1. Out of all the residues in the range 27-46, is one or more among the hydroxyl-bearing types (Ser, Thr, Tyr), free of Cβ contacts under 8 Å to residues at least 60 places away in the same chain and over 18 Å from residue 135 (Cβ atoms)?
2. Which of the following residues is part of a helix (DSSP H, G or I) and under 17 Å from the mean Cα position of the chain (by Cα): 48, 14, 23?
3. Looking at 230, 203, 161 in this structure, which one is over 23 Å from residue 31 (Cβ atoms) and at pLDDT 85 or above?
4. Consider only pairs whose beta carbons are under 9 Å apart and that are at least six residues apart or on different chains; among these, list those whose first residue lies in the range 1-17 and is farther than 14 Å from residue 140 by Cα and in contact (Cβ under 8 Å) with a residue 24 or more places away in the chain and whose second residue is of a type in the set (Lys, Arg) and part of a loop (DSSP other than H, G, I, E, B).
5. Taking residue 53 and the conditions (1) crowded, with 18+ Cβ neighbours inside 10 Å; (2) modelled with pLDDT of 95 or more; (3) under 22 Å from residue 225 (Cα atoms), which numbered condition does it fall short on, given that it satisfies the others?
6. Being over 25 Å from residue 181 (Cα atoms) and hydrophobic (A, V, I, L, M, F, W, C) narrows it down to one residue among 97, 86, 161; which is it?
7. Can you pull out the residues in the range 206-219 that are modelled with pLDDT under 80 and closer than 11 Å to residue 189 by Cβ?
8. Considering only residues of the range 122-149 that are in contact (Cβ under 8 Å) with a residue 60 or more places away in the chain and small (Gly, Ala, Ser), which is nearest to residue 59 (Cα to Cα)?
Amino acid sequence: MSRLEGRTALITGAGTGIGRAVAERFAREGARVVIADKDADAASAVTASIGAAARAAVVDISDEASVETAFGDLVAAGWSPDVVVANAGVQLFGQDARAGDLDLDVWRRTIDINLTGTFLTVKHAVRAMLGSGGGSIILTGSPTGIRGEGSEFTAYSTSKAGIHGLARTVAAAYARDGIRVNAVVPAYTETGLVTSISADPEARAAIVSRIPAGRAGTPADIEGIMVFLAGDDAAFATGALFAVDGGMSTL
């Protein structure tokens, strides 16, 4: 497999879950991968497991100075990314709530990381790509940002709706510069982010029952569409939302 041979990809939130799976798959497809994560130990562990084709970057996506420094260091080291997966995010279970019950601090933290953090990643990815002939930017969305699936998670659902809008807006703005921007929209995917659901049989069953495929997603389910969007087969795909949700969005 070498569909991404010669490419350099930066993946945020790559220390665990979907981000890690995508980074490992990209490396198997021939790409150099930057493991970007706020957790230095997690980033180092994934980098070590991949080997010479990987490089760790400790990044707080909600802090523009951190994001800007990370991109600047990569460009200076000859690792300027032509693929960026803006995947890092949070879902504050037990804190996020219906609008009337939602604490402002929970709203701000979620928006700062999920939406502002994705914007900052996109902003500096665009700047790097404008100087190197373009590239592919892939955002991680959610069905909760399209439909009312996340009515108990006001901040998270709103942040994901904003990410979908960001993908379309930036795609339109930079299409003629050779920069493609798309969003992948996974359904409930079992990672460390959703342990509070996966460890609760009733809560898990309630969510899985709404997925026509009859099962939860896994990080491995997301890898393939990410490879497609990163590579040449998706050269004419931009500004789109790609649902990988077991049919949830059809209901």
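The values are calculated or read from the model by the stated rules, or taken from the named source; none is laboratory data. Keep in mind it's a predicted model, so treat the numbers as computed, not measured. Note: ideal-geometry Cβ built from the backbone for every residue, glycine included; neighbour counts use all protein chains shown.
1. yes
2. 23
3. 161
4. From the range 1-17, the pairs are 15/38.
5. Residue 53 satisfies all of (1) crowded, with 18+ Cβ neighbours inside 10 Å; (2) modelled with pLDDT of 95 or more; (3) under 22 Å from residue 225 (Cα atoms) except (1).
6. Details: 86 fails: over 25 Å from residue 181 (Cα atoms); 161 fails: over 25 Å from residue 181 (Cα atoms).
Residue meeting the stated conditions: 97.
7. 207
8. 125
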